[in-house]
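The values are calculated or read from the model by the stated rules, or taken from the named source; none is laboratory data. The structure presented is a predicted model; accordingly, all values stated were derived computationally and were not measured. No Cβ is skipped: glycine too gets one built from the backbone with ideal geometry, and neighbour counts run over all protein chains shown. With ligands, DNA and RNA removed, areas are computed over all heavy atoms of the protein, side chains included. Shrake-Rupley method; radii C 1.70, N 1.55, O 1.52, S 1.80 Å.
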Amino acid sequence: MVHGPSRLLLLRASPRLLSVSCADCIKHQEPPRKQPLSEKKLKRHFVDHRRVLVRGGRGGNGVSCFHSEPRKEFGGPDGGDGGNGGHVILRVDQQVKSLSSVLSQYQGFDGEDGGRKNCFGRNGAVLYIRVPVGTLVKEGNEVLADLSRPGDKFIAAVGGAGGKGNRFFLANDNRAPTTCTPGQPGQERVLFLELKTVAHAGLVGFPNAGKSSLLRAISNARPAVASYPFTTLNPHVGIVHYEDHQQIAVADIPGIIRGAHQNRGLGLAFLRHIERCPFLLFLVDLSVPEPWTQLDDLKYELEQYDEGLSKRPYAVVANKIDLPQARARLPQLQARLGQEAIALSAATGENLEELLLRLKELHDRHVATELEHGRQPLRW
Ligand SMILES: Nc1nc2c(ncn2[C@@H]2O[C@H](COP(=O)(O)OP(=O)(O)OP(=O)(O)O)[C@@H](O)[C@H]2O)c(=O)[nH]1
Ligand SMILES: [Mg+2]
């Protein structure tokens with residue numbers, strides 16, 4: 001088939017036209033944004049306990065050999081020692097947020113065997129396992145280490161000692177030893193790692209009380225918010241920044257319901273994430289009838305999990321004050337509690353300042369008591 005000149009022109013022009021239009025599209029396209037992980041997917045990524053088998057590296061073998069050189073009849077033993085096996089070490093890394101990156105087994109690097117001419121084997125390199133801040137290391141029921149500060153380390157498995165070469169056994173009464181020893185196997189043990197989130201304040205409340213909404217309102221954290229219960233399945237930590245560069249970490253955990261200690265709802269296992277919080281924020285939903293009963297239930301459930309947990313310094317926050325029926329219940333709540341509740345709305349941002357001031361007050365008091373007892377307060 002023969003194309004006329006006009007048809008050819010069209011064919012040649014069309015690719016250019018196409019590329020121009022594409023370039024235009026690209027110019028007007030928004031830069032791709034990182035999609036936030038849904039709470040369900042996050043659950044797969046968020047792991048807060050792990051069983052790990054760790055084995056230190058094996059030590060290198062010592063060598064038995066004799067110096068050999070022309071015209072040198074008794075050169076003597078010159079077998080070098082083996083290198084030591086590498087340790088396996090747990091190291092806290094602030095970039096790591098859960099134990100999901102921790103594998104089920106680790107084998108340390110072996111030491112090199114010794115060599116001729118008194119050559120010692122190289123030591124096995126140290127194998128580091130990166131764990132998040134707040135990792136508790138247990139063997140059986142015994143707690144071995146509490147890695148609660150950035151940079152903390154714990155030797156999970158010691159590498160085996162390197163063997164000795166026959167040079168090592170040279171003595172006055174034995175000028176030609178042939179003995180050499182093999183390298184030792186590394187330590188092997190099964191450890192249980194448990195993550196306990198480290199934050200200053202723990203947000204505790206019934207499902208749908210607005211914990212995640214409140215965390216979104218006061219910090220940069222972006223936990224999912226929805227009108228169905230148990231939206232939050234993993235703890236989220238948000239940092240509240242103050243003008244004097246002070247930072248207070250607030251942890252949002254899944255909702256608690258009455259009977260959670262009998263494994264109702266999501267149970268109480270996730271309360272381990274507020275075990276370390278020096279103070280708590282009890283969030284009460286004012287939009288439901290008799291909101292004061294929520295506080296009693298929450299305290300009761302906390303006591304069932306760990307005695308004394310509910311007696312930590314706390315503040316009561318009454319949420320959803322933007323709803324008329326909620327505002328009407330506030331005087332009743334204040335009277336029942338016998339103390340001041342911070343009434344606010346996480347949705348509209350009303351009265352958030354009062355909470356921020358109270359949070360700082362609680363934090364400052366915590367810092368003062370820690371310093372009084374000669375302990376270093378938790379810092380972010
Ligand atoms: N009117 C009003 N609605 C709110 C307020 N705070 C939260 N909500 C709504 O309450 C519902 C639950 O909010 P979430 O922040 O997901 O509650 P949560 O306590 O984190 O719930 P779980 O994660 O399921 O425990 C959502 O539909 C929010 O829009 C508020 O101050 N006013
Ligand atoms: Mg939530």
Give the angle, between 0 and 90 degrees and rounded to the nearest 10, that separates the Cα long axis of helix 5-28 from the longest principal axis of the Cα atoms of the chain. 80
Could you tell me which of S310, L266, Q339 has its Cα farthest along the dipole of segment 227-380 towards the positive end, charges placed at Cβ (Lys, Arg +1; Asp, Glu -1), taken about the Cα centre? L266
Which of R216, R167, R149 moves most in a GNM of the chain, Cα contacts under 10 Å? R167
Suppose accessible area is computed on protein heavy atoms with a 1.4 Å probe; arrange K164, K360, K153, K97 from highest to lowest. K97, K153, K164, K360
Links exceeding 31 Å between C-alpha atoms in this model, out of K196/K311; K138/K164; K153/K299, come to K138/K164; K153/K299
Compare the Cα positions of P132, Q247, V284 along the charge dipole of the chain (+1 at Cβ of Lys, Arg; -1 at Cβ of Asp, Glu; about the Cα centre) and return the one farthest towards the positive end. P132
Enumerate the calculated ³J(HN,Hα) couplings along segment 358-363 in order (Karplus 6.51 cos²θ - 1.76 cosθ + 1.60, θ = phi - 60°), each rounded to whole Hz, writing x wherever the residue is Gly or Pro. 5, 4, 5, 4, 4, 5
Debye log10 I(q)/I(0) at q = 0.11, 0.12 Å⁻¹ for the chain, Cα point scatterers: -0.85, -0.94
What is the local net charge at A326, summed over the other residues whose Cβ is closer than 13 Å to its Cβ (Lys, Arg +1; Asp, Glu -1)? -1
If you take every residue apart from S345 with its C-beta less than 11 Å away from the C-beta of S345, what net charge results, scoring Lys and Arg +1 and Asp and Glu -1? 0
For the chain, which whole-number percentage of the solvent-accessible area (1.4 Å probe, protein heavy atoms only) is attributable to carbon and sulfur atoms? 52
Multiply the residue separation of R365 and A269 by 0.36 nm, subtract the distance between their alpha-carbon atoms, and state the gained length in nm to one decimal. 31.7 nm
As a test question: what accessible area, to the nearest 10 Å², does K117 have when a 1.4 Å probe is rolled over all protein chains in place? 150
About its Cα centre, how strong a charge dipole does segment 285-380 have in debye, to the nearest 20, once Lys and Arg get +1 and Asp and Glu get -1 at the Cβ? 160
Charges on Cβ only, +1 for Lys and Arg, -1 for Asp and Glu, centred on the Cα centroid of segment 104-251; of G210, N141, F230, which one is farthest towards the dipole's positive end? N141
Dipole in debye (nearest 20) - segment 207-322, about Cα centre, beta carbon charges: Lys, Arg +1; Asp, Glu -1: 260
